[in-house]
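Chemist: Dropping a structure here in structure tokens format, bear with me for questions.
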Amino acid sequence: MASSLIPTTGRLRTLAAYAVMLVGAVVVYLLIRGRGEQLVAPAADAPHIANAAHGSTLATVLLALAVIIVLARSLGHLFQRWLRQPPVIGEIVAGLVLGPSVLGAISPAAAELLLPAAAAPFLGILSKVGVVLFMFLVGLELDPKLLRGNGHTTLAISHASIVAPFLLGAALALGLYPLYSNASVSFTTFSLFLGVSLSVTAFPVLARILTDRRVQSTPLGVTALTCAAIDDVSAWSLLALVVSVASAQVDGVAWTIAGVAAYLLVMFVVVRPLLARFAAREDAKTGPLAQSAMAIVFVGLLLSAVATETAGVHALFGAFLLGTFLPHEGRLAEQVRLRLEDAVVVLFLPAFFAFTGMRTQIHLVEGVGDWLICGLIILVATAGKFGGSFAAARLTGLGWRESAALGVLMNTRGLMELIVLNVGLDMGVLSPTLFAMLVIMALVTTFATTPVLHLVMGERGFADAPAPAPVDVGHRA
């Protein structure tokens with residue numbers, strides 16, 4: 001009799017702690033917001049307009065793309081082979097190398113030749129389209145089995161890894177808003193965005209790290225992937241909320257809410273069943289996927305992205321959501337991945353990294369004060385992600401070492417962080433200086449994941465690590 005009460009008691013304790021965490025987070029943020037709304041930021045600077053392109057624009061852009069791909073692939077290979085880092089880290093560094101922070105500072109003439117300012121607008125459009133396609137692939141790669149049947153334990157760990165850095169980021173905004181924002185941005189928008197930017201976990205990079213170590217199928221590896229998947233869905237939903245709040249200041253709250261509600265209603269009631277029938281029809285066929293089927297997928301992807309962009313939420317959210325709705329198993333999903341992934345990874349993402357590099361001006365972080373603040377941002381981001389994950393993992397029954405490993409993995413940001421930061425820069429929420437600081441934070445936290453994880457777990461530590469205590473036995477298969 002007593003033994004049957006343990007799972008129920010544990011489940012109720014987990015649910016109570018989860019509810020307290022969420023309610024407490026809202027209360028704490030409202031207190032921060034109340035204090036922050038009294039702050040005054042400097043006046044907004046006049047927008048800078050780049051000079052018109054010169055020479056053959058097409059040749060300029062094509063040459064820039066060729067240089068970007070070669071350097072990205074080369075540094076990606078070097079980082080993977082010699083530093084045991086995921087190739088994406090080297091590709092991100094390649095983008096920074098080609099920008100004003102490295103090549104532009106060493107040889108402005110070489111930078112203008114290889115990646116001229118005239119190419120920036122075209123790279124910007126290309127990279128944004130590429131990121132939309134990438135977010136569709138991220139949604140398609142999210143295994144729905146990870147989001148079901150893992151109970152309140154994994155949900156609590158994942159959301160603790162969001163709540164803690166979010167609140168720390170919002171609190172940090174109290175000090176950063178008067179220094180690095182301007183009067184055209186409200187404290188609410190600034191603090192919400194800074195909180196989200198510190199809360200992101202890069203699910204694709206984390207999955208690659210686990211796969212490279214061949215531990216993705218171990219209990220702790222599955223737990224980490226599950227937490228990251230839930231984190232991705234939650235963080236992107238939170239980002240959509242923040243973008244809608246910022247957009248509503250211009251377009252009107254009622255329009256944004258109505259547009260998002262109508263979009264979600266159509267997606268769940270109409271699009272999702274149609275996608276299921278379409279996938280079932282295609283899965284029944286054999287041979288290569290027809291171009292007409294690929295056209296249907298692309299049209300659906302683009303229309304979903306257009307819908308969320310028009311509604312006041314970013315196009316990335318529409319692409320991501322359509323990817324999660326498309327059935328993940330079967331012939332259709334497999335062939336869409338195969339055909340789309342190479343183009344996105346080889347061409348579009350390096351273009352995005354180069355465009356980000358062109359916008360990252362590390363020289364704006366000058367003086368001891370700026371670098372101390374940059375270090376503080378890294379410290380707060382790491383403490384929030386690691387601390388929230390570690391504390392929640394310990395409460396679910398994981399040991400010290402396994403909880404620390406989970407905290408290290410959830411601190412991986414990488415590409416997903418850069419996407420969020422570019423959204424903030426496009427919206428004018430982030431200043432160029434703060435953008436550069438946050439890019440540095442994303443690189444440092446992601447680069448540190450692999451070596452720190454090795455120190456914590458060693459080569460074979462994952463294999464013997466237990467999964468979190470199944471306090472929600474009644475909900476497991």
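Chemist: Is it true that some residue in the stretch 297-315 is over 30 Å from A119 (Cβ atoms), out of contact with any Gly (no Cβ under 7 Å at 6 or more places or on another chain) and among the small types (G, A, S)?
Modeler: yes
Chemist: Hey, does the stretch 334-341 have a residue that's outside any helix (DSSP H, G or I), surrounded by fewer than 19 Cβ atoms within 10 Å (Cβ to Cβ) and over 23 Å from the mean Cα position of the chain (by Cα)?
Modeler: No, the conditions are met nowhere in the stretch 334-341.
Chemist: Residue by residue through the stretch 22-40, note down the ones that are in contact (Cβ under 8 Å) with a residue 24 or more places away in the chain and under 25 Å from the mean Cα position of the chain (by Cα).
Modeler: Result: L22, A25, V28, Y29, I32, R33.
Chemist: Report yes if some residue within the stretch 316-328 is in contact (Cβ under 8 Å) with a residue 12 or more places away in the chain and farther than 17 Å from V138 by Cα; otherwise report no.
Modeler: Taking every residue of the stretch 316-328 in turn, none turns out to be in contact (Cβ under 8 Å) with a residue 12 or more places away in the chain and farther than 17 Å from V138 by Cα.
Chemist: Quick check on G195: is it under 23 Å from T446 (Cα atoms) and in a helix (DSSP H, G or I)?
Modeler: When the stated conditions are applied, G195 passes them.
Chemist: Would you confirm whether or not the stretch 310-325 contains a residue that is over 24 Å from G124 (Cβ atoms), out of contact with any strand residue (DSSP E or B) (no Cβ under 7 Å at 6 or more places or on another chain), part of a helix (DSSP H, G or I) and aromatic (F, W, Y)?
Modeler: yes
Chemist: Inspect the stretch 296-311 for any residue being more than 29 Å from I68 (Cα to Cα), of a type in the set (V, I, T) and surrounded by 23 or more Cβ atoms within 10 Å (Cβ to Cβ) and give the result as yes or no.
Modeler: The answer is yes, given that some residue of the stretch 296-311 is more than 29 Å from I68 (Cα to Cα), of a type in the set (V, I, T) and surrounded by 23 or more Cβ atoms within 10 Å (Cβ to Cβ).
Chemist: Mind listing just one residue for me: the one in the stretch 366-389 that is among the aliphatic types (A, V, I, L, M) and surrounded by fewer than 18 Cβ atoms within 10 Å (Cβ to Cβ) and, of those, nearest to L174 (Cα to Cα)?
Modeler: Among them, the one singled out is L376.
Chemist: Mind telling me which of the residues V243, V233, V271, V200 ends up being in contact with a helix residue (DSSP H, G or I) (Cβ under 9 Å, 6 or more places away or on another chain), within 22 Å of E309 (Cα to Cα) and not in a helix (DSSP H, G or I)?
Modeler: When all the criteria are applied, what remains is V200.
Chemist: Exactly one of these conditions fails for T201: (1) without any contact (Cβ under 8 Å) to a residue 40 or more places away in the chain; (2) surrounded by 18 or more Cβ atoms within 10 Å (Cβ to Cβ). Give me its number.
Modeler: (1)
Chemist: Tell me which of these V429 doesn't satisfy, since it passes every other one: (1) within 19 Å of V200 (Cβ to Cβ); (2) without any contact (Cβ under 8 Å) to a residue 12 or more places away in the chain; (3) assigned to a loop (DSSP other than H, G, I, E, B).
Modeler: Against the list (1) within 19 Å of V200 (Cβ to Cβ); (2) without any contact (Cβ under 8 Å) to a residue 12 or more places away in the chain; (3) assigned to a loop (DSSP other than H, G, I, E, B), V429 comes up short only on (2).
Chemist: Do the conditions hold for R84, that is, is it over 24 Å from A305 (Cβ atoms), touching a Ser or Thr at 6+ places or on another chain (Cβ under 6 Å) and surrounded by fewer than 21 Cβ atoms within 10 Å (Cβ to Cβ)?
Modeler: The answer is yes for R84.
Chemist: Ok, one more. Looking only at the stretch 22-58, how many residues end up being of a type in the set (G, A, S) and at pLDDT below 90?
Modeler: Residues flagged as of a type in the set (G, A, S) and at pLDDT below 90 within the stretch 22-58 amount to 9.
Chemist: Turning to a different aspect of this structure: Residue check: is R214 among the charged types (D, E, K, R), touching a helix residue (DSSP H, G or I) at 6+ places or on another chain (Cβ under 8 Å) and closer than 23 Å to G414 by Cβ?
Modeler: no
Chemist: For the stretch 90-143, name all the residues that are farther than 15 Å from V344 by Cβ and in contact with a Pro (Cβ under 8 Å, 6 or more places away or on another chain).
Modeler: Scanning the stretch 90-143 gives A94, G95, A111.
Chemist: A further question on this structure: With the checklist (1) of a type in the set (G, A, S); (2) at pLDDT 95 or above; (3) surrounded by fewer than 24 Cβ atoms within 10 Å (Cβ to Cβ) in hand, flag the one item G330 doesn't pass.
Modeler: So the condition that G330 fails would be (2).
Chemist: Okay, next question. Please count how many residues of the stretch 203-227 are touching a Phe, Trp or Tyr at 6+ places or on another chain (Cβ under 8 Å) and either of a type in the set (F, W, Y) or farther than 19 Å from T154 by Cα (or both).
Modeler: 1
Chemist: Step by step: first the residues of the stretch 344-382, then only those that are under 20 Å from the mean Cα position of the chain (by Cα) and either outside any helix (DSSP H, G or I) or small (G, A, S) (or both), then the one that is farthest from I125 (Cα to Cα). Which residue is that?
Modeler: Ranking the candidates gives A381 first.
The values are calculated or read from the model by the stated rules, or taken from the named source; none is laboratory data. Here the structure is a predicted model, which means the values were calculated and not measured. Methodologically, a virtual Cβ is constructed for each residue, glycine included, from the backbone with ideal geometry; neighbour enumeration extends over all protein chains shown.
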